[in-house]
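Everything on this sheet refers to the single structure shown next.
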Amino acid sequence: QDILKVPEFEDIEIALTDINAHNLDMVAQIIRRIVEVNGLKTRVTATTDRRAALEGARYVMNVVRIGGLEAFADDIRIPLKYGVDQCVGDTICAGGIMYAQRGIAAMMDFCADIRDVAETDALLLNYANPMAMMTWAAIDHGKVRTVGLCHGVQNGHRQIARALGVPMGETDIVCSGINHQTWYLDIRHNGRRIGRDELTAAFEAHPVFSRQEKVRIDVLKRFGFYSTESNGHLSEYLPWYRKRPDQIMDWISTDEWIHGETGGYLRYSTENRNWFETDFPTFLDEAGKPLSGYERTDEHASHILEALETGRVYRGHFNVKNGGVIRNLPEDCIIESPGFVDRFGINMVEGITLPDACAATCSASVNVQRMGMKAAMTGDVDLLKQAVLHDPLVGAICTPEEVWQMVDEMLVAQAQWLPQYADAIPAAKVRLKTPKVKTKDWAGAARLDVRSVEELRAAKAKKAASEGHGLGTKVMG
């Protein structure tokens, strides 16, 4: 819908591809419905043949989750046996590093096809997590022009405006760092700079954010800068807030998954998948609404394409190779930082220096990302285990022997999505027959049950009634 709101993009082809024909058909039906109702010239094709879909493509959007919900469940379940309690587990930490092993193996296949059959110098817009490792591998090893895209900066920007009680359009930001650990270095309301004390006071006085964002507020007070990422995400990138099970509840809120619930994103994703599958006719019906009433979102992709094709300049925050853009982060890493897009490409704002504490936190993650990406490319089990060992949260909880055994267990459980480790997995199976450390049957400090579609409908109706709105069906965050 965002793309089709650009007048110049009416007469384009959208080629969809998926390994699951059922999923592919549902999404194709929705997009074709949008095109039909609005009388557009847009052509929509759908095929399980990836090379056919990529043939002649100028822009490619990657939105995969390799291993689906099945592998995702192992990313959460197995680390819990070793005391590692994750909310999301898709960026770093044990789950995110294993997610990268699956995703990068597939990304190399995607890149090979793009190089072979897509338009010369096609642009890959990567939305798939773990963002930094996937984008890093695509650029360095896939040899495809790639930009990583996330909406964390926009969501945090929106939240800051709400905390201050001012319109988002009146607030300006400069935000820089690495994906999911990006920092609002400069915040201004109508040109007036907002300092740490004013921002802290606004969040602590807010009736909702003061309860939901305890980790972010604590980091703001100690570092002096607010983080883009949600309370749940941020808590698992740092070694301080989820290390002691009896203290996790002091820092999180379970009223929404994103604020720190154990396996929160897995539960949310499972519920939404079930909802979409069950209520697909309703989603299809909603796609029949005219685009004239649709308000374009601040997701980056359509704005980047518009700027590249029309020259209308767009400012956003993009995941690209550093190359000196941020002076005190490694040259080779993937950063998320401000840039401008026009016909000449994505042009980054150079010469940024992060505050020391922010740079230190980012650097710790960059080192994990680099090892994780290299392990995924080589199938080096020792390097994979070293990456997990150096993860800030895992390192705060696990001994080296626990890390070695945990990684073996994850490799064996996810073997079908890890072709680069095929030769190493038999040995991991042998080692697991005589485990060296004990594990525990632990659901985590704040695990909630997956709700049925009926329970979701009831919760939606209750919320709608309390807010005075009619019942809708959209439940995506």
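The values are calculated or read from the model by the stated rules, or taken from the named source; none is laboratory data. Note that the structure is predicted; figures quoted are calculated from it, not measured. So basically every Cβ, Gly included, is an ideal-geometry build from the backbone, and we count neighbours across all protein chains shown. Calculation scope for accessible area: heavy atoms of the full protein, side chains included, ligands and nucleic acids excluded. Shrake-Rupley method; radii C 1.70, N 1.55, O 1.52, S 1.80 Å.
Annotations
- Filtered residues of the range 126-146 (kept if aliphatic (A, V, I, L, M) and either in contact with a helix residue (DSSP H, G or I) (Cβ under 6 Å, 6 or more places away or on another chain) or surrounded by fewer than 24 Cβ atoms within 10 Å (Cβ to Cβ) (or both)): ALA128, ALA132, MET133, MET134, ALA137, ALA138, ILE139, VAL144
- Summed over the range 190-204, residues that are open to solvent by 40 Å² or more (accessible area, probe 1.4 Å) and touching a Lys or Arg at 6+ places or on another chain (Cβ under 8 Å) total 1.
- Condition check for PRO207: of a type outside the set (Ser, Thr, Tyr) and either touching a strand residue (DSSP E or B) at 6+ places or on another chain (Cβ under 7 Å) or surrounded by fewer than 15 Cβ atoms within 10 Å (Cβ to Cβ) (or both): yes
- Residue match in the range 392-404 (condition: open to solvent by 30 Å² or more (accessible area, probe 1.4 Å) and touching an Asp or Glu at 6+ places or on another chain (Cβ under 7 Å)): no
- Close pairs from the range 202-222: first among the hydroxyl-bearing types (Ser, Thr, Tyr), partner open to solvent by 20 Å² or more (accessible area, probe 1.4 Å) and assigned to a helix (DSSP H, G or I), Cβ under 9 Å, at least 6 apart: SER210/GLU204
- Taking the range 225-293 and the helices (runs of 4 or more DSSP H) fully enclosed by it, the elements with 3 or more residues that are surrounded by 16 or more Cβ atoms within 10 Å (Cβ to Cβ) are at 231-237, 264-278.
- Considering residues of the range 98-115 that are touching a helix residue (DSSP H, G or I) at 6+ places or on another chain (Cβ under 7 Å) and closer than 24 Å to GLU13 by Cα only, the residue surrounded by the most Cβ atoms within 10 Å (Cβ to Cβ): MET107
- Scan of the range 358-391 for residues that are open to solvent by 20 Å² or more (accessible area, probe 1.4 Å), of a type in the set (S, T, N, Q) and either in contact (Cβ under 8 Å) with a residue 60 or more places away in the chain or within 22 Å of ALA428 (Cα to Cα) (or both), ordered by number: THR378, GLN386
- Selected residue (only one of ILE78, ILE34 is outside any strand (DSSP E or B), of a type in the set (A, V, I, L, M, F, W, C) and in contact with a Lys or Arg (Cβ under 9 Å, 6 or more places away or on another chain)): ILE34
- Here the condition is being out of contact with any helix residue (DSSP H, G or I) (no Cβ under 6 Å at 6 or more places or on another chain) and within 28 Å of ALA458 (Cβ to Cβ); of THR297, THR278, THR262, it holds for THR262 alone.
- Long-range neighbours under 8 Å by Cβ, at least six apart or interchain, first residue hydroxyl-bearing (Ser, Thr, Tyr) within the range 114-135, second in a helix (DSSP H, G or I): TYR127/ALA301
- Extreme residue, surrounded by the fewest Cβ atoms within 10 Å (Cβ to Cβ), among residues of the range 39-75 that are basic (Lys, Arg) and in a loop (DSSP other than H, G, I, E, B): LYS41
- Of the residues screened, VAL341 is not one that is surrounded by fewer than 14 Cβ atoms within 10 Å (Cβ to Cβ), in contact with a Phe, Trp or Tyr (Cβ under 9 Å, 6 or more places away or on another chain) and over 23 Å from ARG102 (Cβ atoms).
- Any hit, the range 408-431, residues being surrounded by 17 or more Cβ atoms within 10 Å (Cβ to Cβ) and either of a type in the set (D, E, K, R) or out of contact with any helix residue (DSSP H, G or I) (no Cβ under 8 Å at 6 or more places or on another chain) (or both): yes
- Checking each residue in the range 450-467 for being in contact (Cβ under 8 Å) with a residue 40 or more places away in the chain and either open to solvent by 100 Å² or more (accessible area, probe 1.4 Å) or in a loop (DSSP other than H, G, I, E, B) (or both) picks out VAL450, ARG451, SER452.
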